[in-house]
Every structure is written in structure tokens, then in C-alpha cells.
Amino acid sequence: MDEMKKKGDGGPSEEFMELLKNAMVCVPALMPKDTKPEVMSSLLKNPGKMQAIPEGARPQPCILENEKHEKFLAVFTSEDELNKGGKAPKFPLYLNMEFSSCVDFLKKRPDIKGAVVNAYTHNIIFQLNEQKNVQSKTIQVSLEEFHHLTRNKMESFYLPKKLFTEKEEIVSRLCKEQGEYMKELYDELYTTEVACPYTAENFEFMPLNINEDLLLVQITMPREFLMLNTCSSVFVAWNQKEQKIWYYAIVLEGPEKGIHLHQLLEDGKDVDLGQAPSEGSELSTILDLIQG
């Protein structure tokens, strides 16, 4: 995006669009004036924290308008980018959405010309017809790439989101059902004619009761489709007393960067903790991070 900004033409590159079409984005939103007070109260219970949309809430994505009175959907690549507005009014809330959902929204709103990405910094603008081109490219993804992207979505978004929102219920099911439950989660992502390539036996579990409050679980992920930016193992920690979840992952980042340890936080931020610990010392390293 920095490179596109330097070029100054304001349009997206093909490489950027390839990344964006499978990405999660932050979309600022407003609540309609007729929102019921009890719904607003529910939203305000945990200010500043990611939460599921309560029943009855209908947040509306924010639309920006330029000096030519052209309307654009505001899209940000991270919460940090969303907060770089300086003196601009702060958005009251934002939605974590798949970019494909933004495309679906734009299709229903012909009055909106397109979308603007990171309006405060990069200001990358593209038209809806360009987004349609992105949709048509999606069909041409190879089967191997489809499995790769689905696995990446599971490890970096779907599984941690369920853990952070449903907490003890998901931890309990992971410990009791193990590979059967992981297979069930994957089946929820494989909603097309493409079948999930994994079985329950492809996942290995090692749950450890550190003390009466703290549980640490290592999940060894399948070797099949273990590719760039996917995880050989993920680690879930649950503190019963504090009702707190930790999520760590061993991520393959390619021949140049090697293998890194990442922590995904409850607000969706991905923290790169550097080179992964040596094999066999991952659990002790992660336990030190949690207890430290």
C-alpha cells in the first residue's frame, strides 16, 4: 500500500487486490437512530472490546463523501489504521468483516461508487466494477490454493474468534472432542462442493492442567497443506478464575523469515514474537509468556 501511494495514481494493484479479496477488514459503523435502548446498553457493556453483534442491533457501515459528492464505503486494514484520523471525529464502533461481505454490500448500493481503503493514510480508491473483477478471479483459484486459504482462515481468524467470544464452552469441547471438533469447525468453512481434506485423526492434542485455574492445550495441525503462513501448531490457554483466553501459533513464514511464534489478541491484533522456540520447548516458552 505504501508503494501504491508513492505511485500516486490512487488505484489498487493486482497484487493488493489478490490479498484483499481473502482478508478481514475493519468497517466503521453507526447505529440507526431507532435502535432500542436495551440494545445500546448491551453494546456498551464492554466498550473497546470485540464482541458479537447483539440481537436486534443493525449497525450501518459508514459512507464517506468527497468534494464531488461521490460516495465510498470506508474500509480499514487494521484498528490502528482506523485510529489514525488525528482530529477527525472518532467512529463509535466498527465491524470486523470479510472483504467479500463488503463487495456484497456495495452490490446492493448502486449509489455508492466504490470503496476507499485506509482513508487517513493510503487512501486507495477502487470502483465497484473492479471489485467484480476480483469476484470473477476467485473462481479461478486452484484446489490447492483453496485449501491453503481455508486453513489460513481457520488458524488466523475462525478458531481464535470462537475462542475469544465463546471461551470456556469452546475450550471444553476442544478438550473433550479434540479432532472430532476440529473437523466440525473445518466443515463449517467448507460450504461449497469442495470437501474438507482433513479427518479427526489429522489433529493431535496435548492438554495440560498447569494448576487448578490454568489449562494449556497444544493442537498439532495436519501436515497436509502446511504451507506459507499456516501453523504447524497452535496453543490455547484458559484461566478459569480470570475467564481469560490466550492464543499462540507457530507460523511458517517462508525461507527468508523462518518459523515465528505469534500471539493473536482478543481485539484481533497479531503480535509477532520473533523466531519460534526450538521443538520441544514451545510449551515452556508459552507458559513463561503467560505467567510472566
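The values are calculated or read from the model by the stated rules, or taken from the named source; none is laboratory data. Computed from a predicted model, the values in this text were never measured in an experiment. Cβ sites come from the backbone with ideal geometry, for glycine too, and all protein chains shown count toward neighbours. Note: areas computed on protein heavy atoms with side chains; ligands, DNA, RNA excluded. Shrake-Rupley method; radii C 1.70, N 1.55, O 1.52, S 1.80 Å.
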Note to self: I want to confirm something. Restricting to segment 261-276 and keeping residues that are without any contact (Cβ under 8 Å) to a residue 60 or more places away in the chain and open to solvent by less than 30 Å² (accessible area, probe 1.4 Å), which single residue is farthest from Gln218 (Cα to Cα)?
What the structure shows: Gly274
Notebook entry, point to check: Would it be correct to say that Glu184 is of a type in the set (D, E, K, R), within 27 Å of Glu98 (Cβ to Cβ) and either open to solvent by 40 Å² or more (accessible area, probe 1.4 Å) or touching a strand residue (DSSP E or B) at 6+ places or on another chain (Cβ under 7 Å) (or both)?
Noted result: yes
Next item on the list: Among the residues of segment 163-181, write down those that are touching a helix residue (DSSP H, G or I) at 6+ places or on another chain (Cβ under 7 Å) and open to solvent by 40 Å² or more (accessible area, probe 1.4 Å).
Entry: Arg173, Glu180
Check: Can you find a residue in segment 70-81 that is open to solvent by 40 Å² or more (accessible area, probe 1.4 Å) and either at pLDDT below 75 or in a helix (DSSP H, G or I) (or both)?
Finding: yes
Next item on the list: Mind telling me which of the residues Leu208, Leu226 ends up being hydrophobic (A, V, I, L, M, F, W, C) and either open to solvent by less than 50 Å² (accessible area, probe 1.4 Å) or part of a loop (DSSP other than H, G, I, E, B) (or both)?
Entry: Leu226
Notebook entry, point to check: Within the set of pairs 6+ apart or on separate chains, which have a first residue in segment 234-260 that is over 17 Å from Ser172 (Cβ atoms), a second that is part of a loop (DSSP other than H, G, I, E, B) and open to solvent by 70 Å² or more (accessible area, probe 1.4 Å), and C-beta atoms under 9 Å apart?
Noted result: Val251/Asn229; Leu252/Leu228; Leu252/Asn229; Glu253/Leu228; Glu253/Asn229; Gly254/Leu228; Gly254/Asn229
Next item on the list: Report, ordered by the first and then the second residue, all pairs with beta carbons closer than 6 Å, sequence separation of six or more or different chains, a first member in segment 220-233 that is within 16 Å of Glu201 (Cα to Cα), and a second member that is part of a loop (DSSP other than H, G, I, E, B) and among the aromatic types (Phe, Trp, Tyr).
Entry: Pro222/Tyr198
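Conditions tested, residue by residue: (1) under 25 Å from Gly268 (Cα atoms); (2) at pLDDT 75 or above; (3) basic (Lys, Arg).
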{"position": "Lys7", "(1), (2), (3)": "no, no, yes"}
{"position": "Ser13", "(1), (2), (3)": "no, no, no"}
{"position": "Phe16", "(1), (2), (3)": "yes, yes, no"}
{"position": "Ala29", "(1), (2), (3)": "yes, yes, no"}
{"position": "Pro32", "(1), (2), (3)": "no, yes, no"}
{"position": "Val39", "(1), (2), (3)": "yes, no, no"}
{"position": "Gly48", "(1), (2), (3)": "yes, no, no"}
{"position": "Glu67", "(1), (2), (3)": "no, yes, no"}
{"position": "Phe91", "(1), (2), (3)": "yes, no, no"}
